[in-house]
Amino acid sequence: MEELLIRPGTAADLPAIAALQASVPEAADWPVEDYLTYHLDLAVRGGVLAGFLVTRRLTDDEAEILNLAVAPSARRQGVASQLLAAAFARWPGDWFLEVREFNARAQACYEKVGFFIAGRRPNYYSVTNANSREGGIVMVRRKC
C-alpha cells in the first residue's frame, strides 16, 4: 500500500473534496468553498483523495474540528487518525467537536485519539431528505 500524504488543501482540490463529501452521508454537508476559510488538510494516497479534515483555531489553547470525512474505500486504514495527529501536532491544546448522535463509528474513532463525551445537543443536526433532526454529541480532547 502506498504511503499516505497529509497536505494542505487548495481550491484545485475542491471538486475531489465535494465528491468525497457526497459519498459520506455522516459528514457535514457544507459548501466545500467554505473550507478554504479554515484550515483544510487532505490525506492523499497514490494521487487519490482518501480523506479531509477541516479545523479552526479558537484561542491560543483551543481548536475545533469542523468536518472530517474518509472515503469509504479508505476506512480502517488509519486515515482519520493520521489527519487528526497532524492537526494535534500543529495546534497543541484542547480540541472540541460535535458528532452525530447515531454515528457510533466516528465517536469510537474520536475516543481512540483521546476525546470524551462532554455533553449533548438535542436536535442539533438536520436529517437530509427528512423533516426531522438528530442529536449531537459534544466531545472534548484535553491538552496532553
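The values are calculated or read from the model by the stated rules, or taken from the named source; none is laboratory data. Keep in mind that this is a model prediction, so the values were computed, not measured. When we count neighbours, we look across all protein chains shown, and the Cβ atoms used for this are built from the backbone with ideal geometry, even at glycine. Each accessible area value is taken on the protein alone, full model and side chains, heavy atoms only, with ligands, DNA and RNA left out. Shrake-Rupley method; radii C 1.70, N 1.55, O 1.52, S 1.80 Å.
Of note:
- Scan the stretch 56-111 for residues that are charged (D, E, K, R), out of contact with any Lys or Arg (no Cβ under 9 Å at 6 or more places or on another chain) and crowded, with 16+ Cβ neighbours inside 10 Å and the total you get is 1.
- Any hit, the stretch 116-137, residues being over 26 Å from Ala16 (Cα atoms), open to solvent by less than 40 Å² (accessible area, probe 1.4 Å) and either under 15 Å from the mean Cα position of the chain (by Cα) or modelled with pLDDT of 95 or more (or both): yes
- Restricting the first member to the stretch 14-31 and to residues that are in contact (Cβ under 8 Å) with a residue 12 or more places away in the chain, and the second to residues that are surrounded by 14 or more Cβ atoms within 10 Å (Cβ to Cβ) and part of a helix (DSSP H, G or I), the beta-carbon pairs closer than 6 Å and six or more apart or on different chains are Leu14/Val32; Ile17/Val32; Ala18/Val32; Ala27/Gln21.
- Among the residues making up the stretch 62-73, those that are closer than 18 Å to Val138 by Cα and not β-branched (Val, Ile, Thr) are Glu62, Ala63, Glu64, Leu66, Asn67, Leu68, Ala69.
- Meets criteria (among the small types (Gly, Ala, Ser), part of a strand (DSSP E or B) and either touching a residue at least 12 places away in the same chain (Cβ under 8 Å) or under 19 Å from Gln21 (Cα atoms) (or both)) for Ala86: no
- Identity of the residue in the stretch 1-41, among the hydroxyl-bearing types (Ser, Thr, Tyr) and at pLDDT 95 or above, that ends up most open to solvent (accessible area, probe 1.4 Å): Thr37
- Out of Arg105, Arg56, Arg76, sole residue that is assigned to a strand (DSSP E or B) and basic (Lys, Arg): Arg56
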